[in-house]
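Undergrad: There's a structure below that I have some questions on.
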Amino acid sequence: MNTYGIVSFRLPQEVSLWEVEQIAALGVDIRTGVTVGKDVSAGRLLDDYDAVVLAAGMGLVPRLGIEGEELAGVYDAIELVESTKRWRPSVPMLGSRVAVIGAGNTAIDAATCSLRLGAENVKIVYRRTREEMTAYDFEFAFAKQEGVEFQWLTAPKRIVGDKKGCVTHLECVRVRLSEAGADGRRLPVPVEGSEFRMPVDAVVLAVGQKRHLPLIEAFGLAHERGVVTINKETRQTSNPKVFAAGDIVFGAGGEAMVVSAAQEGKLAARSIVRQFSPTATH
């Protein structure tokens, strides 16, 4: 994620690669291109190692389930950022009108990245209000400073394309927020007759990330909708041999930052050291 999933003006790729080199220099054996469940089973890892740390983060952005998501010009926010950090042509944004669906930190990255790729206009489309958005306050301020516009209380209904299969509009409906329910949440309620079409050349999906359920279930771990349950003191999962750290143990909200994930990894490592060397002072 540090190498490909964070925009370059926040974290240059060479910094991330330098950190990988430092880890390898410590004697860590790094095996890339290995998929757990395909190239090696979870059971094999549990048999071969004294401890396993699950630090797989999260996956790509889920689909919205609306018409038109297959059109040319619809992008996953994570893949959009990744495309700017690989030796291949960038996503064509020059002169485009872009709608980013979502209002978290990833949406901010996608919006500001689009502007820096030459987009003419970028709007973040969100079905709630500024008060409910999950992006940090400083991220919101940064986006406003960069020129990103915000379309509050607006829910996408479908993505419209032309005969060539390219995006031309985002069809939306205005919403209002209901009274808070027992869980404290206010739900978006469509306003009848408020549908409208927003002219766009690109739509970026930034509505969270998928959880690695098959991986978690392969280890047989307790979880809540893909968020691995851990003992906060020991970082152990429901299988005492498996520890977990990073985004894979973070729920909804503002915890999921690189620095937080790194700290989780350190806490898991400390717990493992203490388990196998009870007298260790690390």
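Undergrad: Give LYS157/LYS210; LYS144/LYS266; LYS144/LYS232; LYS123/LYS266 a once-over and call out the pairs whose C-alpha atoms are over 32 Å from each other. Spell out each step's value before the answer.
TA: Details: LYS157/LYS210 21 Å; LYS144/LYS266 35 Å; LYS144/LYS232 37 Å; LYS123/LYS266 38 Å.
Pairs exceeding the cut-off: LYS144/LYS266; LYS144/LYS232; LYS123/LYS266.
Undergrad: Still on this model: Using a simple spin-label model with points 7 Å from Cα along the Cα→Cβ vector, what separation in nm is obtained for GLU70 and GLU179?
TA: Output for this residue pair reads 4.4 nm.
Undergrad: What does the helix-only formula give at 222 nm for the chain: each DSSP H stretch with n ≥ 4 adding -39500 (n - 2.57), the total divided by the residues, and the result rounded to the nearest 500 deg cm²/dmol?
TA: Numbers: 7 runs with 74 residues, N = 282.
That calculation yields -8000 deg cm²/dmol at 222 nm.
Undergrad: In terms of the Cα gyration tensor, with a ≥ b ≥ c the square roots of its eigenvalues, is segment 62-207 rounded because a/c is under 1.5, prolate because a/b exceeds b/c, or oblate?
TA: Details: a/c = 1.95, a/b = 1.31, b/c = 1.50.
Taking the square roots of the gyration eigenvalues as a ≥ b ≥ c, segment 62-207 is oblate.
Undergrad: Can you give me the distance in nm between label points at LYS144 and ARG270, each placed 7 Å from the Cα along the Cα-to-Cβ direction?
TA: Inter-label distance under the simple model: 3.8 nm.
Undergrad: In addition: Please identify every one of the trypsin sites (Lys or Arg not before Pro) in segment 57-102 that sits in a loop by DSSP and has no more than 15 other beta carbons within 10 Å of its own beta carbon. Could the numbers behind the result be given before it?
TA: Numbers: sites: ARG63, LYS85, ARG86, ARG97; in loops: ARG63, LYS85, ARG86.
When the trypsin sites (Lys or Arg not before Pro) of segment 57-102 are filtered for loop state and at most 15 Cβ neighbours within 10 Å, ARG63, ARG86 remain.
Undergrad: Once fully extended, how much extra length lies between GLU224 and ILE30, figured as 0.36 nm per residue of separation less the alpha-carbon to alpha-carbon distance? Don't skip to the answer; put the middle values down first.
TA: Working: separation 194, 0.36 × 194 = 69.84 nm, distance 2.97 nm.
Value of the extension gain: 66.9 nm.
Undergrad: Separate question: Please figure out what share of the DSSP beta bridges in the chain is antiparallel and state it in percent, rounded to the nearest 5. Present the calculation step by step, with values, prior to reporting the outcome.
TA: On the way: 17 of 38 bridges.
The antiparallel proportion sits near 45 percent.
Undergrad: Only sites in a loop by DSSP and with at most 11 other Cβ atoms within 10 Å count here; which GluC sites (Glu not before Pro) in segment 143-222 make the cut?
TA: Details: sites: GLU146, GLU149, GLU171, GLU179, GLU192, GLU195, GLU217; in loops: GLU179, GLU192, GLU195.
Sparse-neighbourhood loop GluC sites (Glu not before Pro): GLU179, GLU192.
Undergrad: Which of rounded, prolate, oblate describes the chain, given a ≥ b ≥ c as roots of the alpha-carbon gyration tensor eigenvalues and a/c under 1.5 marking rounded, otherwise prolate only if a/b is larger than b/c? Display every interim value, and only then the final one.
TA: Numbers: a/c = 2.12, a/b = 1.69, b/c = 1.25.
It is prolate, given that a/c is not under 1.5 and a/b is the larger ratio.
Undergrad: Identify the chymotrypsin sites (Phe, Trp or Tyr not before Pro) of segment 1-30 meeting these criteria: DSSP loop state and at most 15 other C-beta atoms within 10 Å of the C-beta. Write out the running numbers ahead of the final one.
TA: On the way: sites: TYR4, PHE9, TRP18; in loops: TYR4, PHE9.
Hits after loop and neighbour filter: TYR4, PHE9.
Undergrad: From the square roots a ≥ b ≥ c of the eigenvalues of the alpha-carbon gyration tensor of segment 109-161, which class results: rounded (a/c under 1.5), prolate (a/b over b/c), or oblate?
TA: On the way: a/c = 2.36, a/b = 1.05, b/c = 2.25.
Here segment 109-161 falls in the oblate category.
Undergrad: If you place +1 on the Cβ of every Lys and Arg, -1 on the Cβ of every Asp and Glu, and leave all else neutral, what size is the dipole of the chain about its Cα centre, to the nearest 20 Debye? Could the numbers behind the result be given before it?
TA: Values: 33 positive and 35 negative charges, 54 e Å.
It comes to approximately 260 debye.
Undergrad: Something else now. Using Cα pairs closer than 8 Å and at least 6 residues apart in sequence, work out the relative contact order for the chain, in percent. Write down the numbers at each step before the final one.
TA: Details: 490 pairs, mean separation 58.4, N = 282.
Once normalised by length, the contact order is 21 percent.
Undergrad: Using a Förster distance of 35 Å, how high is the FRET efficiency between ARG44 and GLN13, based on the Cβ-Cβ distance and rounded to 0.05?
TA: Details: r = 33 Å, r/R0 = 0.93.
Once the sixth-power term is evaluated, E becomes 0.60.
Undergrad: Pick out the long, greasy-scoring helices in the chain: whole DSSP H runs spanning 27 Å or more along their own axis by Cα, mean Kyte-Doolittle at least 0.0. List each step's numbers first, then the result.
TA: Values: long enough: 258-276 (28 Å, 0.29).
The answer, listed by residue number, is 258-276.
Each value in this text was obtained by applying a stated rule to the coordinates, not by laboratory testing. Quick caveat, the model's predicted, so the values are computed rather than measured. As a convention, Cβ positions derive from the backbone with ideal geometry for all residues, glycine included, and neighbour counts pool all protein chains shown.
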